[in-house]
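Below is one structure; the comments refer to it alone.
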Amino acid sequence: MGETLTTSTSNELANPVTLGLYGFALAVILLSIHNLGYFGMDPTVIMAAIFMGGIAQLIAGLIEMKKNSMFTGTVFTLLGLFWIAFGILQMGALGVISLGAPNHTSLSTFFLIFTILVILLTFGTFKLPKSFIITFLLIVVTLVLLTSGAFLEESILTKAGGVVGFLAGAAAVYIASAEIYAEQYKKPILPL
């Protein structure tokens, strides 16, 4: 009791990585539960994709760019834009906006190109703590499974992608929580 949140009067920007990680986690966990077949594609999944997966990560990425952090800035900006595009494509597929449903082949190719970009970005994590490497590898496996499932129209691959995607989201929550706790308590609480 009696403790309050402190505010900073510094002009220095706070670390946006936690925002990006939590945004990614919420969107990917929700989409993964959808991919496992627990519920259909609905406004909740789409809005989580656009706002949490998309806009939150885009903001985190742009702040990282402002802080001259090219790797994390690129990762969060790219992921944020992917989630925004994914959400808008889903809105078109559901008839919410008049884009129409995306062509199966072009959508699968979009996923493939994004998967290749994430694989290439994964090499940039090898100098980071192991938890980041593990999270990126889980994201890569998720994308490979979902892309394969999209190309082959094979639901078992999509469900497997849902399982691994859920783990990737959980790993992102762990890292974001570790970062927040370390800042709040001025010492590492959860190992990275």
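The table below lists the values:
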item	result
Options T158, T125, T142; residue that is within 18 Å of F76 (Cβ to Cβ), among the hydroxyl-bearing types (S, T, Y) and in contact (Cβ under 8 Å) with a residue 40 or more places away in the chain	T142
Among (1) under 16 Å from I139 (Cα atoms); (2) free of Cβ contacts under 8 Å to residues at least 40 places away in the same chain; (3) surrounded by fewer than 22 Cβ atoms within 10 Å (Cβ to Cβ); (4) not acidic (D, E) - the single one Y38 does not satisfy	(1)
Contacts under 6 angstrom Cβ, first residue in the stretch 75-94 being within 16 Å of S108 (Cβ to Cβ), partner surrounded by 21 or more Cβ atoms within 10 Å (Cβ to Cβ) and of a type in the set (G, A, S), 6 or more apart	F86/A49
Candidates L120, L79, filtered to the one that is at pLDDT 95 or above, within 28 Å of A14 (Cα to Cα) and crowded, with 19+ Cβ neighbours inside 10 Å	L79
Whichever residue in the stretch 31-49 is part of a helix (DSSP H, G or I) and more than 17 Å from G165 (Cα to Cα) and, among such residues, is modelled with the lowest pLDDT	P43
Options T109, T142: the member that is surrounded by 17 or more Cβ atoms within 10 Å (Cβ to Cβ), in a helix (DSSP H, G or I) and among the hydroxyl-bearing types (S, T, Y)	T142
Residue in the stretch 148-155 that is of a type outside the set (G, A, S), surrounded by fewer than 17 Cβ atoms within 10 Å (Cβ to Cβ), part of a helix (DSSP H, G or I) and at pLDDT 95 or above present	no
Selection count, the stretch 52-76, where residues are farther than 21 Å from K127 by Cα and buried (at least 18 other Cβ atoms within 10 Å of the Cβ)	7
Verdict on T115 being out of contact with any His (no Cβ under 9 Å at 6 or more places or on another chain), under 25 Å from L19 (Cα atoms), part of a helix (DSSP H, G or I) and at pLDDT 90 or above	yes
Verdict on K187 being in a loop (DSSP other than H, G, I, E, B) and either of a type in the set (D, E) or more than 22 Å from T74 (Cα to Cα) (or both)	yes
Residue check for L190: without any contact (Cβ under 8 Å) to a residue 40 or more places away in the chain and in contact with a helix residue (DSSP H, G or I) (Cβ under 7 Å, 6 or more places away or on another chain)	yes
Tabulated pairs, the stretch 12-32, first of a type in the set (A, V, I, L, M, F, W, C), second not in a helix (DSSP H, G or I), C-beta under 8 angstrom, 6+ apart or interchain	L13/K67; A14/S8
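For (1) among the small types (G, A, S); (2) over 15 Å from G53 (Cβ atoms), each residue gets a yes or a no:
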{"position": "N103", "(1), (2)": "no, yes"}
{"position": "V118", "(1), (2)": "no, no"}
{"position": "K130", "(1), (2)": "no, yes"}
{"position": "A150", "(1), (2)": "yes, yes"}
{"position": "G165", "(1), (2)": "yes, no"}
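The values are calculated or read from the model by the stated rules, or taken from the named source; none is laboratory data. If you're wondering where the values come from, they're calculated on a predicted model, not measured in any experiment. FYI the Cβ positions are ideal-geometry reconstructions off the backbone, even for glycines, and counts take in every protein chain you see.
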